[in-house]
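So the structure is just underneath, and the comments pick up after that.
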């Protein structure tokens, strides 16, 4: 399972079932499987019809063993786009072989090729193995920032507010 045997490819429409499978596996690891409401139809619509996200697969021996789902954001301070990594996932049996680092390296290459100013993501506070991994790569925790979110009924109520 050498990292130099890893290849990458962008997801295609027929990969939607595999994308959802990996999302579910990640959610199970994060103890959030009950929050996954994504369906194959939704993923196909938003990733491939509306082009709102991209997916790359890491493959070993022709088998997908990991994925990165990402999209472009924009930094007003930098005056240019960045890449936001929504999900990074490597199947458990392939962890510890440098595949996660290889996926992040590939995303960094994509960001540089596209002229992006940064690569950004969130990590659950309890996920110390991932935190340690990210710090080992030189990533910096954004300690002065708190993430806020409005979703579901609250989002609808805000949109309808007079």
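Show me the helices (runs of 4 or more DSSP H) found entirely inside the range 46-162 where at least 2 residues are surrounded by 11 or more Cβ atoms within 10 Å (Cβ to Cβ), under 16 Å from the mean Cα position of the chain (by Cα) and at pLDDT 95 or above.
99-113
Kindly provide the set of residues from the range 93-119 that are in contact with a helix residue (DSSP H, G or I) (Cβ under 9 Å, 6 or more places away or on another chain), without any contact (Cβ under 8 Å) to a residue 40 or more places away in the chain and over 17 Å from residue 136 (Cβ atoms), ordered by number.
none
Pull out all pairs, ordered by first then second residue, where Cβ-Cβ is under 7 Å, the residues are six or more apart or on different chains, the first lies in the range 6-31 and is farther than 22 Å from residue 105 by Cα, and the second is part of a loop (DSSP other than H, G, I, E, B) and modelled with pLDDT under 95.
So the pair list comes out as 30/124.
In the range 30-45, which residues are over 16 Å from residue 151 (Cβ atoms) and either in contact with a strand residue (DSSP E or B) (Cβ under 6 Å, 6 or more places away or on another chain) or surrounded by 14 or more Cβ atoms within 10 Å (Cβ to Cβ) (or both)?
If the condition is that a residue be over 16 Å from residue 151 (Cβ atoms) and either in contact with a strand residue (DSSP E or B) (Cβ under 6 Å, 6 or more places away or on another chain) or surrounded by 14 or more Cβ atoms within 10 Å (Cβ to Cβ) (or both), then 30, 43, 44 are the ones that fit.
Quick one: residue 16 ticks every box in (1) in a helix (DSSP H, G or I); (2) buried (at least 17 other Cβ atoms within 10 Å of the Cβ); (3) touching a strand residue (DSSP E or B) at 6+ places or on another chain (Cβ under 9 Å) bar one, so which box is it?
(3)
The values are calculated or read from the model by the stated rules, or taken from the named source; none is laboratory data. What you see is a predicted model; the values in this text were computed from it and never measured. Quick reminder, even Gly has a Cβ in these numbers, built from the backbone with ideal geometry, and neighbours come from all protein chains shown.
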